[in-house]
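A short worksheet on the structure shown next.
What follows is calculated from the coordinates using simple rules that are stated; it is not laboratory data. The shown structure was predicted, so the numbers you read here are calculated from the model rather than taken from an experiment. All Cβ positions, glycine included, derive from the backbone under ideal geometry; neighbour counts span all protein chains shown.
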Amino acid sequence: MPKMKHYIITSITLGSIALASALIIGLTNMVTRDKIAQNEVKKVNLGIASIFGDDSKVNNEEKTDKYKYVNVIYTVSARDDKMLGYCFKVSGSNMYGKISLLVGFSESSHAFSGVYMINDEQTYAQTLEENYVALINKGERNIDDVKCNATYGATLIKNMIDESTEVVNSIWKD
């Protein structure tokens, strides 16, 4: 009988700890959920301004699950409603971590405009951003040239840009 009492007390103690932990996690989520969503919107708006200029705004936002990397399609215009282009929120992961970024395309030239990193959890994140992302944004590196000492991350970004290119080309073809 003493062993049974020990098991019951242990079970109740562990159950109480699990319940308290679940309550703390739930309360933390309730407090931070809205702030995280607001920060995400700010980051997207900063990225669109970085790619298209400070005068840009999102006209339309379409969430999608039809593609491997593309999650959201943004229609971007100037403040005077002149169409500037399309921006795609893409995300993917490899063995080195997750990447989420914006890929922009100009309406006037029907060409790639640039990328903006939203979230880079890659092991070699700084190398990737300095030796690949910054250089393709400046036009100093070809998107297909992924050898940058963070080749797996660069290849993932290249694949995301390639899928975005296919999507925007299908939009422009319609």
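Highest mean first, the peptides 53-60, 18-25, 151-158 sorted by other C-beta atoms within 10 Å per residue fall in the order 151-158, 53-60, 18-25. In terms of the mean number of neighbouring beta-carbon atoms within 10 Å, the peptides 4-14, 38-48 order highest first as 38-48, 4-14. Near MET117: Cβ cut-off under 12 Å, other residues only, Lys/Arg at +1 and Asp/Glu at -1. The net charge is -1.
Sorted on the mean count of surrounding Cβ atoms within 10 Å across their residues, most packed first, peptides 100-106, 26-32, 143-149 read 100-106, 143-149, 26-32.
Report the extension gain between ASN169 and ILE36 in nm, rounded to one decimal, defined as 0.36 nm multiplied by the number of residues separating them, less their alpha carbon distance. Numbers along the way, then the final one.
Details: separation 133, 0.36 × 133 = 47.88 nm, distance 3.24 nm.
Full-extension gain reported as 44.6 nm.
Amide H to amide H distances under 5 Å link ARG141 with ILE136, where only residues 5 or more positions off or on other chains count and H is placed in the peptide plane.
Please rank ARG141, ARG33, fewest neighbouring Cβ atoms within 10 Å first, as an exposure proxy. Don't jump to the answer; show the numbers that get you there.
On the way: ARG141 18, ARG33 10.
Least to most surrounded, the residues fall as ARG33, ARG141.
Okay, helix-only estimate at 222 nm for the chain: each DSSP H run of n ≥ 4 adds -39500 (n - 2.57), divide by all residues, round to 500 deg cm²/dmol; what do you get? Mean residue ellipticity, 222 nm, calculated: -16500 deg cm²/dmol. Note on THR151 and ILE24: the model spin-label points, each 7 Å out from Cα along the C-beta direction, lie 4.5 nm apart.
Using only Cα coordinates, the Kirkwood hydrodynamic radius of the stretch 41-173 works out to 14.7 Å.
Which entries in the list LYS42/LYS82; LYS42/LYS63; LYS63/LYS158; LYS98/LYS173; LYS35/LYS82; LYS138/LYS158 go over 25 Å, if you measure between the two C-alpha atoms of each?
As for pairs spanning more than 25 Å Cα to Cα, those are LYS98/LYS173; LYS35/LYS82.
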